[in-house]
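J.: Here you go, one structure.
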Amino acid sequence: QVQAVESGGGSVQAGGSLRLSCVASGRTFSAYPMGWFRQAPGKEREFVSAMSVGITYYSDSVKGRFTISRDNAKNTVYLQMNSLKPEDTGVYYCAVAARRGSPKTIGVYDYWGQGTQVTVSS
């Protein structure tokens, strides 16, 4: 059974930093996308960042502030979030794909974590 478990959310002031981690278990995902999406209250889930076969992808809103990385040996993906803004507030979900596809597309992903809350205050 595949599971994705996130950790590292929390509350910070604007300008602060957080690091999210996600460990996937149950099979190997090294050849496929792993990434992060987020959902703010009343809004749809949106793409944040992903990494696939060494290539990184970012939404325009986080480019230059967030950094994604992976440790394929540990089936783990990380998201370092710097210079956080109040608009970054939301529930962050780890997403893991079991097939190739566009890393920015939500439908590519087969497995999701339970979500971790990130709150940025002004």
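J.: Do you know the relative contact order of region 1-121, to the nearest whole percent, from alpha carbon pairs under 8 angstrom that are 6+ apart?
T.: Working: 306 pairs, mean separation 43.5, N = 121.
RCO, region 1-121: 36 percent.
J.: Still on this model: Please list, in order along region 55-68, the HN-Hα scalar couplings obtained from phi with the Karplus expression 6.51 cos²θ - 1.76 cosθ + 1.60 (θ = phi - 60°), rounded to whole Hz, x for Gly and Pro.
T.: Calculated HN-Hα couplings, in order: 9, 9, 9, 9, 6, 4, 6, 10, 4, x, 10, 9, 9, 9 Hz.
J.: Additional query: Which of these, THR105, THR56, THR67, has the largest mean-square fluctuation under a Gaussian network model of the chain (Cα springs below 10 Å)?
T.: THR105
J.: Read phi for every residue in region 12-28 and hand back ³J(HN,Hα) as whole Hz from Karplus 6.51 cos²θ - 1.76 cosθ + 1.60, θ = phi - 60°, with x for Gly and Pro.
T.: After applying 6.51 cos²θ - 1.76 cosθ + 1.60, I find 9, 8, 3, x, x, 9, 9, 10, 9, 10, 9, 10, 9, 10, x, 5, 9 Hz.
J.: Using the Karplus equation 6.51 cos²θ - 1.76 cosθ + 1.60 (θ = phi - 60°), what ³J(HN,Hα) coupling, rounded to whole Hz, does each residue of region 100-107 give in order, writing x for Gly and Pro?
T.: 3J(HN,Hα) across region 100-107, in whole Hz: 7, x, 5, x, 8, 9, 4, x.
J.: Follow-up question, since we're still on this one. Take the solvent-accessible surface of the protein heavy atoms, probe 1.4 Å, and return the percent of it on region 1-105 that carbon and sulfur atoms account for.
T.: It is 46 percent, rounded to a whole number.
J.: Within region 78-97, which residues have the backbone N less than 13 Å from the label spot 7 Å out from ASP71 along Cα→beta-carbon, could you tell me?
T.: Residues 78-79 qualify, since their backbone N sits under 13 Å from the label point.
J.: Over the chain, with a Gaussian network built from C-alpha contacts below 10 Å, which listed residue (GLY26, GLY90, GLY101) shows the highest mean-square fluctuation?
T.: Most flexible of the set in this elastic network: GLY26.
J.: To continue, here is another question. Could you tell me the number of lysine pairs in the chain with C-alpha atoms less than 18 Å from each other, where the two lysines are 8 or more residues apart or belong to different chains?
T.: 4
J.: What number comes out for accessible area per residue over the chain if the probe is 1.4 Å? Units Å², please.
T.: 49
The values are calculated or read from the model by the stated rules, or taken from the named source; none is laboratory data. Quick caveat, the model's predicted, so the values are computed rather than measured. Here the Cβ is made from the backbone with ideal geometry for all residues, glycine too, and neighbour counts use every protein chain on show. With ligands, DNA and RNA removed, areas are computed over all heavy atoms of the protein, side chains included. Shrake-Rupley method; radii C 1.70, N 1.55, O 1.52, S 1.80 Å.
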